[in-house]
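Written below as structure tokens is the structure these notes are about.
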Amino acid sequence: MDQPERPIRQMDRDISGAVIVINDHIVSGERKDSAGPLAVTILGESRVNATGPHGLLHCPEQQPAVARHLQDVIKTGARFILTVGGTGISAGDVAPEATAPLLDVRMDGIAQQVRDHGLTQTPLASLSRGLVGITHRGKGGVLIVNAPGSRGGVKDSLAVVCPLLPHIFEQLDDQD
């Protein structure tokens, strides 16, 4: 007998989050950030609060700087971190390299689902090397998602990840 599918639910509580935009042109003021604010808005709709002083950050395209920003927002208590940009193959695309050492558990299925969803919009989605994973199992575990730096990449990534948040955080916090 087939078991019924587990329904997709909404978050039952607020989660502290952060969005780290990795882009030298935005850091220098040459370009305006449009993907970061979009991410904050979409996350807010899923009860992930990425506002406040550590909610939306801009970071240079250097692996040590990205790693430092990730560690800093983890220390502030963020439970969900979305990096925006730095997932391609250019010299400054270092988000996966900065993220990997922080992950205790990689969630490669979700990362692949993000790419698959993105491929319905653009063939460039297959160029993303973004990672998804958690810093550790159990209470206090932090979910980190590397999204491409475009508004479309943010939308595609969060379209996949946001419906999974209630299940991920229930499992992390042993509420399931």
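Results for (1) under 15 Å from ALA147 (Cα atoms); (2) in contact with a strand residue (DSSP E or B) (Cβ under 9 Å, 6 or more places away or on another chain); (3) of a type in the set (A, V, I, L, M), shown as yes or no for each residue.
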| site | (1), (2), (3) |
| --- | --- |
| ALA39 | yes, yes, yes |
| GLY55 | no, yes, no |
| VAL73 | no, yes, yes |
| THR76 | no, yes, no |
| PHE80 | yes, yes, no |
| VAL94 | yes, yes, yes |
| GLY118 | yes, no, no |
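Among the residues making up region 143-176, those that are β-branched (Val, Ile, Thr) and either in contact with an Asp or Glu (Cβ under 8 Å, 6 or more places away or on another chain) or part of a strand (DSSP E or B) (or both) are ILE144, VAL145.
When ARG47, ARG106 are screened for being in contact with an Asp or Glu (Cβ under 9 Å, 6 or more places away or on another chain), closer than 23 Å to ASP173 by Cβ and charged (D, E, K, R), only ARG47 passes. Residues that are surrounded by fewer than 18 Cβ atoms within 10 Å (Cβ to Cβ) and under 19 Å from VAL48 (Cα atoms) were ranked within region 137-154; the one that is modelled with the highest pLDDT is ARG151. Looking at region 45-53, is at least one residue under 23 Å from PRO166 (Cβ atoms) and charged (D, E, K, R)? Yes, region 45-53 contains a residue that is under 23 Å from PRO166 (Cβ atoms) and charged (D, E, K, R). Scanning region 69-99 for residues that are under 28 Å from ARG13 (Cα atoms) and either assigned to a helix (DSSP H, G or I) or β-branched (Val, Ile, Thr) (or both) turns up HIS69, LEU70, GLN71, ASP72, VAL73, ILE74, LYS75, THR76, ILE81, THR83, VAL84, THR99. Scanning region 47-68 for residues that are among the polar types (S, T, N, Q) and either in a helix (DSSP H, G or I) or at pLDDT below 95 (or both) yields THR51, GLN63.
The values are calculated or read from the model by the stated rules, or taken from the named source; none is laboratory data. These numbers were taken from a predicted model, which means no experiment stands behind them. Using ideal geometry, Cβ is built from the backbone for each residue, glycine included, and neighbour counts are taken over all protein chains shown.
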